Structures are given as C-alpha cells and as structure tokens.
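One structure is given below, encoded as structure tokens.
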Amino acid sequence: MIGAGIDAGSRAIKVALYDDERDTVVATDVLDQGVEQVALAKGLFEKLLEDNGLDRGNVSRVVGTGYGRSILDFVDSTITEITCHARGVRRVSPGARTIIEIGGQDSKLIRLNPEGAVRDFAMNDRCAAGTGRFLEMVAARLDVPLEKLGELARGSHSPAPISSMCVVFAETEIIGLLASGSAPEDIVAGVQTAIVKRVAAMAGRTMDEPVSFTGGVAMVPGMVEALQDALGRPVSVATDPQMTGAVGASLLAANR
Amino acid sequence: MNRTPEQISLHEWDRLHDDLVAAGLPQPSYGGPLSRHVPDGDLRLPRLRYDNSPAALRLWNFLLTEEDRLAAARTEGKQLVGTMKDLGTVPVMAYSSPSLVAFYPDGAWWIPCVMELSAGLLEVADSLGIDESFCPVRAMLGAFLTEAHFPIPDLLTCNVGATCDDFSAIAQRLNGLGYPILWWESPHRRAPDPGEASVELPGGFVAPEAQVAFVHDELERVRRALAHIAGRTITDAMLAEGITTANKVRSTLDELRRLAYAAEPCPMPALEMLIAEMLAIHFCSDRDECLAVLDELLAEVRSRVDAGLGALAGGAVRVFWVNPVADLRVMNMLEQAGGRICGTEYLFCHALDPIPEDLPPMEALARMALADPMTGPTADRADRICRDIGLFGSEAVVVSQIPGASHCATEGAVIRDTVGARLGIPVTEIEVPPVADAMAPTIRNRLDALLETARARRETLSATHEPVRTTT
C-alpha cells in the first residue's frame with residue numbers, strides 16, 4: 001500500500017508517495033502555493049497518483065503537514081512539520097542529530113536523539129529575516145532570479161552589513177545600499193549572512209552533529225556555505241530538501 | 001442536577017445558568033448569566049470555552065465584577081490602595097486594615113484582551129509614548145486616564161528595583177502624569193557571601209539577612225502610608241491576622257493545584273485554574289469572598305477527582321506553563337490541541353507559598369517579598385520550575401512570552417536550557433499578544449509540535465518501561 005504525504009507550505013505544496021511493500025518513495029511533486037490551497041493540494045495529489053498508475057484505493061493513509069495542513073479536508077490525519085521533517089531526515093540522513101529547516105515563511109531548528117526522534121525544537125515564525133521570504137525580497141529588488149543569487153553572492157568580496165531585524169526595514173536598507181553604490185553581489189551575500197545568523201541564533205550555544213539542512217531555501221546556491229560559516233561546523237543538504245517534510249509525512253502515513 | 005464535567009460555550013452557559021437557577025442554585029450578589037458582561041464590552045467572552053460547574057460560574061462572575069466592587073467600596077467610604085508590581089505583598093498588608101481595599105491597577109493588562117481592544121487603552125498609552133515596545137500592562141495608563149475601569153486609588157504603591165524594568169518605566173510615566181506613587185524598592189536577590197548572615201525565604205531560597213532587613217524597612221514605609229490613609233495604626237496583631245487569612249487563601253490554592261494538576265483525567269480546565277491562581281495575589285478586591293469562591297472551586301475539583309471525572313479527555317499531555325498569557329483564549333487552545341496544565345509559574349509562585357506565621361509579621365512579609373521570582377536571578381526561577389515539574393509530573397514546558405516585557409527577553413533561553421539539561425523534556429516558547437487571533441495558527445503550530453514531541457517521548461519511555469513522569 002501507498003502512504004501519502006502532503007506538505008502544504010506557505011510557498012509551495014509538496015506531495016510524496018511511499019510504497020510500504022517496496023520501501024521506496026515512488027513519486028514526489030511540487031506546485032506553487034496559491035489562493036485555492038485545498039484544490040491545489042488535492043489536484044497535485046490526484047495528478048501524482050494518476051501519473052504513477054495509482055488511484056486513491058491504493059493509498060492506505062494520507063497525512064497532511066505544513067502550515068496549511070489544517071484546511072486539507074481530504075487527508076486522514078495531520079502531523080506538524082517538526083515531526084515530519086525529523087522522520088524524513090531519518091530516512092535520507094540517518095544519524096543526523098540536528099535539522100535546520102528554512103522554508104518560505106519560517107525556519108526551524110530540530111534536535112534529534114540518537115534514534116532520530118525529536119528531542120526539542122525552536123522555531124522562528126515571527127520574523128521573515130530568517131526565512132526564504134527575505135531571499136525572495138532581495139531577488140525581486142535586485143531583479144535577479146532566485147536560483148542565481150548564490151552564483152551572484154560568490155562574487156562578493158565584502159558582504160554588506162544588513163542591520164535590520166525586520167525584512168521591511170531591511171528592504172529600506174537595501175535600497176539605501178543600492179543608492180550608495182554597493183555591489184549587488186555584496187548585498188546578496190549580506191542578506192544570506194543575515195538569514196543564517198538568525199537561524200544560528202536559534203541553536204543557542206550547543207548543537208549536535210551531523211547537521212542536516214532541509215526546506216526550500218536549502219536548494220538556493222550559496223546558502224549551505226553561508227550556514228556552515230555561521231555555525232562553524234559542517235552542514236549537509238538533505239537529499240531533495242524541499243521534499244523532506246512530505247516524504248516524512250508519507251512514511252508516517254505508512255506507519256514507518 | 002448531575003452534570004458531566006465539560007467545557008462549554010458562553011451561549012451554552014446561559015442555558016445552563018437558567019436551568020440551575022430554576023433548580024434553585026443559590027447565587028451570590030454578583031451572580032447571573034455570564035453573557036450579561038458582553039454588552040459591558042467584554043467581547044472576548046463569546047470566544048472562550050468555560051468549565052460547566054457552578055463553582056466556575058461563580059469564579060468568572062467574581063472576576064468580572066471587580067470594577068463594581070471597587071466602585072462600591074469608594075461609595076462606602078473605604079480607602080482604595082492601588083498596589084503595583086509587588087505581586088502579593090502589599091494586599092496582605094492593606095487587607096489587614098478593615099477600612100482599606102487593595103487592588104492591582106496592573107490587572108488592566110487583561111482589559112485589551114477581554115474587551116478585544118475596544119476600550120482604546122493601548123492607544124492612550126501609545127499617545128503617552130509608551131508604545132508596543134512595552135508590556136501590555138501599559139494598558140494601565142489608559143485605565144487611569146479614562147477612569148472607566150477603576151476609581152483612582154487613594155494611595156498608589158509600586159515595587160521597583162529588581163522587578164520588571166518596563167513596568168517601572170510605565171509607572172514612572174504614570175507618576176509624571178500627576179498620580180503620586182509611593183515607591184518601595186527590592187534589591188536584586190543574591191546568594192549570601194561566605195560567612196554572611198543569611199535567612200531562608202519561603203520557597204526555599206536563601207538570601208542575605210541584610211537584604212531582608214532592607215526590604216523590611218521599605219515595607220515599614222508602606223505600612224506607615226497605609227496607616228495614614230486608613231486613619232489608624234496597622235499593628236503587628238492586625239498584620240498577623242492578615243497573614244493568617246492570606247495563608248488560608250494560599251493553602252486552599254495549594255490543595256486546588258495539587259489536586260487539579262495531579263489528577264487524571266484533568267478535573268478543572270486551564271482557564272479557570274489560571275484565574276483561581278491569580279486570586280492569590282489580589283483577592284479580586286474582596287478577601288473573604290475570594291476564600292469562599294476558592295472553597296467552592298476546591299470542593300468541585302475534589303468531588304470530580306473522587307468520582308474519577310475530568311473536564312478534559314484522559315491522556316492529555318501534561319504541560320507546565322510559564323508566565324500568564326495576555327490572551328486568555330490561548331489556554332483553551334492548549335487543551336484543544338490535546339494538552340492540559342500540570343504545573344504553572346505565572347510570575348508569582350512566591351505568592352502561593354505560605355507566609356511564615358512564626359516570625360514577626362513584617363519580617364515574614366519582607367522574606368516573602370524577597371522570594372518574588374522577579375527579584376532574583378532567572379536561574380533561581382528555572383530551579384523552581386524544575387522542582388515543580390517534578391512535583392506535578394509535567395511532560396513538556398511552554399514558556400509564554402509577554403510582548404515587550406523586559407524579563408521575557410532573556411528568561412526563555414535560561415529556562416529552556418535548564419529544563420532541557422536537567423529533565424530532558426521538550427520546551428517551546430510562544431509569544432502571546434493581548435488579542436492573538438492573527439497569530440493563532442503559529443501559536444497552535446508550536447503547541448501541536450510540542451505535544452507531538454512529548455507524546456512520542458511518552459511512548460518511548462513507556463516502551464522501555466521508564467517512568468513517564470519526570471522527577472528532578
């Protein structure tokens with residue numbers, strides 16, 4: 001039977017299908033989030049089933065996660081993304097003791113015990129300065145595609161200091177930096193540093209290794225290097241990091 | 001009339017109230033259906049869930065009629081004492097004199113929640129330069145200026161020094177607006193130096209004798225001011241009687257907490273317990289009635305425990321809660337997420353400890369004042385939290401931050417690290433503004449994640465046959 005996981009995030013919907021008998025994630029897919037969140041999630045789920053020659057009868061259970069999970073009226077149960085990311089990382093990076101997840105509108109630090117279960121967690125869901133939204137803002141302001149930010153930042157020799165804790169004010173700072181002639185690559189590098197510093201602050205003074213990086217922001221080039229610099233320790237990007245929560249949900253759906 | 005304990009809506013309470021009255025339920029003078037408070041502006045009430053016992057009804061009505069009691073006291077010629085920030089000391093002294101009624105203007109911090117910002121108190125504070133970077137207790141400024149919520153007290157006292165910095169700033173602004181305040185100071189409580197004379201405080205901490213003597217002298221100034229407005233001396237004998245009565249309130253609350261937080265299933269919901277605990281510091285402006293209200297609540301809880309009945313489903317995750325919430329609805333939210341309260345530290349745990357009755361009363365009050373968790377290091381507070389977690393077997397901790405409150409900026413990490421290191425139970429921090437509706441999804445998400453983590457830990461411990469309850 002298939003366990004299905006649906007991660008209804010703030011920026012994207014992710015779906016994963018896990019085949020319990022073959023112990024395999026058979027399919028994943030992602031779609032930009034929109035206004036009709038339930039319809040989008042359901043449509044993506046059904047399309048993924050159809051594309052893989054499956055139907056709802058093959059699915060034993062559907063688990064919803066992510067911020068939009070509570071409105072997914074077609075799922076069997078909901079589990080927070082904390083638990084789902086932990087479960088997903090346990091599969092793709094067994095042995096990881098810390099997860100850093102940076103999504104579109106929040107970031108999380110999840111501490112795991114040696115068995116891979118959640119021991120404790122910290123979340124930043126109040127301030128966009130530690131989230132993907134910050135990157136989106138700077139990409140839009142600089143008119144640079146999101147996927148090119150890392151490449152651009154690599155050319156920086158002097159990351160611009162971004163002092164504001166608030167993205168709205170930070171945008172004002174960026175406008176000021178541009179007006180004063182700062183190079184776009186220095187601004188991007190400065191923004192990356194600001195994000196990872198916010199995330200590093202959540203870790204407090206101790207962090208167990210290995211550290212696994214998940215969430216959509218982990219796919220942005222340059223972020224993992226910035227995170228390693230901020231934490232002063234190696235960080236590995238989880239396999240298909242945007243899908244970790246959905247994969248974890250699909251495993252939990254299959255009681256794995 | 002037999003009722004199964006449960007949480008009900010305001011509308012359901014109205015129907016139940018009518019049934020109870022028809023069945024002959026005796027009502028206090030301030031009794032009546034809860035919904036009658038809504039036209040007065042208490043707009044939050046329809047959005048809360050309530051315990052369905054007559055004892056809870058009485059508790060709520062007692063709370064929601066404090067303004068009427070204060071107005072009546074003024075009419076009767078009693079002197080009103082507005083006591084600020086000491087959390088449980090000055091009211092014990094004031095109520096030792098029959099002509100004084102004490103209350104906490106700080107209590108106005110809940111008005112923006114209960115009235116869903118409709119009273120405009122925070123806007124008044126804004127206009128005075130005390131904006132949202134301060135604790136919601138700034139609503140107190142609006143309450144003073146509008147005079148719509150309590151009579152202007154005949155005497156205002158405020159505890160400063162080692163207590164909350166932003167409260168001190170708010171009170172200083174009030175003073176500057178022409179409301180004279182008797183300031184009394186608490187030093188930052190410290191451990192005695194080697195060889196330094198020391199005394200044990202209620203709650204178990206030890207402080208230098210010199211610090212207690214300092215607080216004693218400060219409280220003597222307060223006693224003289226109280227005597228001045230009362231028109232008569234407040235003797236040690238009167239204070240001793242006041243301490244004895246306050247201790248009755250505290251011992252009733254102690255038993256209530258031990259029963260409610262230890263029993264399975266949970267016999268009394270979090271919201272009613274929060275309000276009950278608050279009575280320890282302010283008596284809701286009527287000390288004797290406060291005791292009667294708590295006695296009835298205790299009797300209800302005792303009967304439920306004896307019958308094995310709960311207001312919540314069994315198996316809820318046992319949560320220790322730190323700091324009171326600015327939005328009462330969040331206490332309901334915890335229970336809707338599958339949690340229950342098992343232990344609290346609402347900033348005034350010292351006011352739940354008995355005041356020593358074998359000491360001269362002013363000495364006893366000084367020791368109690370210095371035991372205030374706000375006057376000592378946060379590490380002391382974390383110690384006490386760990387101890388109480390052991391007492392109540394809590395499985396998770398919520399540190400509820402109060403926006404703008406200066407102590408909240410630093411204490412969360414200390415408490416989280418201490419609890420995590422000593423007990424290994426999960427901790428989450430949430431920030432609760434006076435009306436948290438817009439933040440409800442994120443608060444709920446954190447609570448859900450915390451409860452999931454605690455449940456998983458419970459299952460693991462159960463599988464390995466380790467005790468689920470945490471001990472220090």
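Here A:224, A:138, B:301 are placed in order of increasing Cβ neighbour count within 10 Å, fewest first, which gives A:224, A:138, B:301. Per-residue ellipticity at 222 nm computed for chain B from its helices equals -15500 deg cm²/dmol, with DSSP H segments shorter than 4 residues left out and the rest contributing -39,500 (n - 2.57). Compute the acute angle (0 to 90°) between the alpha-carbon long axis of helix A:184-202 and the principal axis of greatest extent of the alpha-carbon atoms of chain A; round to the nearest 10°. Rounded to the nearest ten degrees, it is 60. The DSSP beta bridges internal to the protein assembly as shown are antiparallel in roughly 40% of cases. The alpha carbon centroids of the stretch B:56-130 and the stretch B:287-336 are separated by 23 Å.
Please get the size of the charge dipole for the stretch A:10-159, origin at its Cα centre, with Cβ charges of +1 on Lys and Arg and -1 on Asp and Glu, quoted in debye to the nearest 20. Intermediate values should be presented prior to the final figure.
Details: 20 positive and 23 negative charges, 135 e Å.
Here the stretch A:10-159 has a charge dipole of around 660 debye.
Does the stretch B:64-238 come out rounded, prolate or oblate by the C-alpha gyration tensor, with a ≥ b ≥ c the root eigenvalues, rounded set by a/c under 1.5 and, if not, prolate when a/b is larger than b/c and oblate if not? In terms of gyration-tensor shape, oblate. For the stretch B:262-390, the relative contact order comes to 27 percent (Cα pairs under 8 Å, sequence separation of at least 6).
Annotation: amide H-H contacts under 5 Å for residue A:26 (H modelled 1.01 Å from N, sequence separation of 5 or more, or interchain): A:17, A:18, A:19.
With +1 on the Cβ of every Lys and Arg and -1 on the Cβ of every Asp and Glu, and nothing else charged, how large is the dipole of the protein assembly as shown about its Cα centre, in debye rounded to the nearest 20?
780 debye
Simple point charges give the picture: +1 on the Cβ of Lys and Arg, -1 on the Cβ of Asp and Glu, and for the stretch B:169-247 a dipole about the Cα centre of about 460 debye.
Taking 8 Å as the Cα distance limit and 6 or more residues as the minimum spacing, I'd like the relative contact order of chain B as a percentage.
This gives 18 percent for chain B.
DSSP beta bridges in chain B, what fraction antiparallel, as a percent rounded to 5? So the antiparallel bridges in chain B amount to around 15 percent.
Net charge within 15 Å of residue A:151 by Cβ-Cβ distance, Lys/Arg positive one each and Asp/Glu negative one each, not counting residue A:151 itself? Mind showing how you got there, number by number?
On the way: positive: A:148, A:154; negative: A:143, A:147, A:185, A:186, A:225.
Net local charge, residue A:151 excluded: -3.
Taking the centroid of alpha carbons for each part, the stretch B:161-198 and the stretch A:236-256 are 52 Å apart.
Relative contact order for chain A: what is it in percent, counting Cα pairs under 8 Å that are at least 6 residues apart?
26 percent
Reported value for the stretch A:56-162: 179 Å³ per residue, from the convex hull of its C-alpha atoms.
Is the C-alpha gyration tensor of chain B telling us rounded, prolate or oblate? Criteria: a/c under 1.5 is rounded; beyond that, a/b larger than b/c is prolate, otherwise oblate. Could you put the intermediate results ahead of the total?
Values: a/c = 1.42, a/b = 1.14, b/c = 1.24.
Rounded is the answer for chain B, as its axis ratio a/c remains below 1.5.
How crowded by other chains is B:198-211, given as the mean number of beta carbons from other chains within 10 Å of each beta carbon? Intermediate values should be presented prior to the final figure.
On the way: counts 0, 0, 0, 0, 0, 0, 0, 0, 0, 0, 0, 0, 0, 0.
Across the residues of B:198-211, the mean count of other-chain Cβ atoms within 10 Å is 0.
Fewest Cβ neighbours within 10 Å first, please rank A:51, B:154 accordingly. Write down the numbers at each step before the final one.
Numbers: A:51 11, B:154 16.
Fewest-to-most Cβ neighbours within 10 Å comes out as A:51, B:154.
Neighbours of residue B:116 by Cβ distance under 12 Å: Lys/Arg scored +1, Asp/Glu scored -1, total 0.
In terms of Cα atoms, the Rg and Dmax of chain A work out to 18.6, 61 Å.
For B:345, B:357, which order do you get if you count the other beta carbons within 10 Å of each Cβ and list the fewest first? All intermediate terms of the calculation are to be shown ahead of the outcome.
Numbers: B:345 22, B:357 11.
With the fewest neighbours first, B:345, B:357 line up as B:357, B:345.
Summing Lys and Arg as +1 and Asp and Glu as -1 over all other residues whose Cβ lies under 13 Å from the Cβ of residue A:234 gives a net charge of -2.
Along the axis of the charge dipole computed for chain B (Cβ charges of +1 for Lys and Arg, -1 for Asp and Glu, origin at the Cα centre), the listed residues B:10, B:34, B:354 are led at the positive end by B:10. From the residues A:116, A:153, A:177, which one has its Cα farthest along the dipole of the stretch A:95-237 in the positive direction, the dipole being from +1 and -1 charges on Cβ of Lys/Arg and Asp/Glu about the Cα centre? Value computed over the given set: A:116. The smallest convex shape that holds all Cα atoms of the protein assembly as shown, its convex hull, gives 184 Å³ per residue. Could you tell me what percent of the DSSP beta bridges with both partners in the stretch A:95-237 are antiparallel, to the nearest 5? Once the DSSP bridges in the stretch A:95-237 are tallied, antiparallel ones form about 60 percent. Summed over qualifying helices (DSSP H, 4 residues or more, each -39500 (n - 2.57)) and divided by its residue number, chain A shows a 222 nm mean residue ellipticity of -11500 deg cm²/dmol.
The mean number of partner chain beta-carbon atoms within 10 angstrom of a residue's beta-carbon across peptide B:445-455 is 6.
Values in this text are rule-based calculations from the coordinates and carry no lab data. Everything numeric here is computed off the predicted structure, so don't read it as measured data. FYI the Cβ positions are ideal-geometry reconstructions off the backbone, even for glycines, and counts take in every protein chain you see.
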